[in-house]
1. Can you list residues from other chains, or at least 5 along the same chain, whose modelled amide H is less than 5 Å from the amide H of Ile88?
2. Taking the Cβ of Phe137 as the center, what net charge do the other residues with Cβ under 14 Å away carry, scoring Lys and Arg +1 and Asp and Glu -1?
3. Test of the criteria: in segment 105-175, which chymotrypsin sites (Phe, Trp or Tyr not before Pro) are in a DSSP loop and have at most 12 other Cβ atoms within 10 angstrom of their Cβ?
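Read-outs: derived from the displayed coordinates by stated rules, not from any lab. In this text, all values refer to a predicted model and were calculated from it rather than measured experimentally. As a convention, Cβ positions derive from the backbone with ideal geometry for all residues, glycine included, and neighbour counts pool all protein chains shown.
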Amino acid sequence: MNKDIKNIKDKNEEETWSQDFPFHKQNATLVGRREFAKMLALVSGGLALGSGLVAAKANFFPKEKVTGEHFVCNKKDIPVGGGRSFIIQGSDIPYLLIHLEDGSFKAYEQKCTHLSCSVYYKKGTGQIVCPCHNGYFNASDGSVMAGPPPRKLPQLQVIVKGDKLFVTAPSIESV
Ligand code: FES
């Protein structure tokens, strides 16, 4: 009799154990509806919070404006069709100075207006390219030519003084 009670107890313990730690792969990977809904709610909440923080940062901490003229490099440092990244002292925004095939120099923020990937000038095409999601900007004015970017690239005005290249905030006419 005692033996029968022990067997029933052992069997019950085994069933509990196998429910907690299922050894059949199918049972181990099953996710209940409630758990799935919880996970969805957590992920959605995280995304909403992240988007809110980005929007709040853009609203409450607007980008600092470029003031004054800033030396970037000498003309000979950028061959025709070439580009050069630079940062203005006191700012952490990356910019791109390019030497177009028509001889003009242009400067833009190097961050794509879609999701901030780094853009580059594609030599001989007149296009600034974002490799992340195939975004294309017109290198002459920064406008969007194709892809998901929602806005043109913010531009700086390039000032040529002799052999030296400077940038400054864009004049009102060129904005
Ligand atoms: S980040 Fe540039 S196209 Fe998406």
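1. Answer set, sorted by chain and number: Ile93.
2. Net charge around Phe137: +3.
3. none
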